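Heads up, the thing below is written out as structure tokens.
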Amino acid sequence: MSIVNSEMAIDLNDLDKSNWKTYRFDEIAKNISERIDPNNTDLTVYIGLEHLDSGSIHIKRHGTPDDVNGQKLKFYKGDVIFGRRRAYQRKAGIATTDGFCSAHALVLRANPEVISPELFPFFLHSDLFMNRAVDISVGSLSPTINWGTLKHQEFIIPPLQLQGELSKLFKSMDNLSIKENALLEKAITFKKVKISNLLDEYSNKSSESVALSSLYSRKFKSINPQDYKEETVLHYSLPAFLENESPERVKASEIKSNKILISEDVVLFSKLNPNLPKIWTVEFDELVKKVGSTEWLPVIPNETFKICYLLAYLSSDYFINQVMRFVQGTSNSHKRVDPKKFYALKIPVLTAELRQEISEANASCIDVIEQIKLRKNKYKVVNGNIINKVF
């Protein structure tokens, strides 16, 4: 692949790096360590690691000072917030305003004499940088990068006259991803509105309803995964859901706390932050043990309420609005559903035809969403490949 303009042509498959220079990381970027007290600031934007999307240079969510306590790090518009804890999650996003962030992040500012601020975020998302970040992380449960170690790491950087052309290429590829993200958000919004409208309409036609507790009368067994030693299990954890909606395949001995043993088909509803619902459908498999975090509220389907209908109902705004009346906690980013009140909520007993209509409408919307996600992931892979050809 090549970039061509009136002045130069760049062949990404055969880059001439003979005039590139090697710099220590503290020559490439500054570590901004300005401390701030969330309870004594006029700043309104808080960025936690949970607000950074894996593999993206864009920050699309944020919290408020009310969400946190303790000293944090101040950042300024244009700085890059890099998650130094669990660097394998590849979190590094550009701040679009002034604010403050988690102390589990580094606030990095490009040195324009070495690397352009436009190119810097893409460099941070290269395999060269991210793999080094993982290698120098310390700690087993929550591996973390220390600035004292990172600043001494050396990286080869292209000359400034080339960086402008590279930035244009990376930005053009990133713009394709931005368009797919916008389309994805529209598809998700359409799904919410479509299903909620159907439930609003059809629930008024139903005179019967049952409590969700009746769909979890056979509670899953709580187990200590250590008892299964080296047996491989599928771990349905919240981090795994947030990262790629795929369970972790791990040895049971690597899981440190008690879990629920998933022994039949189930829909898992996260009790944490239901305003951003996390819902997972899991089909039972006798060939491999499946365990789930105790943060999940399980709902077990039956002949009347099949798994596809439960997924549609539990993920609808119609239901989420009911759940939000029973959240607990003072922090906006760590509110939890009261399990007893969750299971006391009722689900309408619609006719088989209406349940089928809702299930099919939900499945159709999900198909569209998944197609967009596939395109989005392809762009992500292509973007990554291009960045890695440079760095």
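Here's a check for you: in the stretch 350-377, which residue that is surrounded by fewer than 14 Cβ atoms within 10 Å (Cβ to Cβ) and hydroxyl-bearing (Ser, Thr, Tyr) is farthest from the chain's Cα centre (by Cα)?
Step one: filter the stretch 350-377 for residues surrounded by fewer than 14 Cβ atoms within 10 Å (Cβ to Cβ), giving 351-353, 360, 363-364, 367, 370-371, 374.
Applying the additional criterion that residues be hydroxyl-bearing (Ser, Thr, Tyr) yields 351, 364.
Working: Thr351: 37, Ser364: 24 Å.
So, considering only residues that are surrounded by fewer than 14 Cβ atoms within 10 Å (Cβ to Cβ) and hydroxyl-bearing (Ser, Thr, Tyr), the one farthest from the chain's Cα centre (by Cα) is Thr351.
Listed by position, the strands (runs of 3 or more DSSP E) contained in the stretch 1-59 that have at least 1 residues being at pLDDT 95 or above, loosely packed, with under 14 Cβ neighbours inside 10 Å and among the aliphatic types (A, V, I, L, M) form an empty set.
A count restricted to the stretch 334-359 and to residues that are closer than 12 Å to Phe269 by Cβ and outside any strand (DSSP E or B) stands at 4. If we scan the stretch 245-253, do we find a residue that is among the hydroxyl-bearing types (Ser, Thr, Tyr) and surrounded by fewer than 17 Cβ atoms within 10 Å (Cβ to Cβ)? Yes, that holds for at least one residue.
Restricting attention to the stretch 155-175, does a residue exist that is charged (D, E, K, R), surrounded by 15 or more Cβ atoms within 10 Å (Cβ to Cβ) and part of a loop (DSSP other than H, G, I, E, B)? No: the stretch 155-175 contains no residue that is charged (D, E, K, R), surrounded by 15 or more Cβ atoms within 10 Å (Cβ to Cβ) and part of a loop (DSSP other than H, G, I, E, B).
Residue-wise test of (1) in contact with a Pro (Cβ under 9 Å, 6 or more places away or on another chain); (2) among the acidic types (Asp, Glu).
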{"position": "Gln153", "(1), (2)": "no, no"}
{"position": "Leu162", "(1), (2)": "no, no"}
{"position": "Asp174", "(1), (2)": "no, yes"}
{"position": "Ala187", "(1), (2)": "no, no"}
{"position": "Ser206", "(1), (2)": "yes, no"}
{"position": "Val210", "(1), (2)": "yes, no"}
{"position": "Lys221", "(1), (2)": "no, no"}
{"position": "Tyr228", "(1), (2)": "no, no"}
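Of the residues examined, Leu169 is one that is closer than 24 Å to Asn385 by Cα and modelled with pLDDT under 90.
Looking only at the stretch 198-240, which residues are surrounded by 12 or more Cβ atoms within 10 Å (Cβ to Cβ), among the small types (Gly, Ala, Ser) and in a loop (DSSP other than H, G, I, E, B)? Within the stretch 198-240, Ser206, Ser237 meet the criteria.
The values are calculated or read from the model by the stated rules, or taken from the named source; none is laboratory data. What you are looking at is a predicted structure, and each value in this text was computed from that prediction instead of being measured. Backbone-built Cβ (ideal geometry, glycine too); neighbour counts: all protein chains shown.
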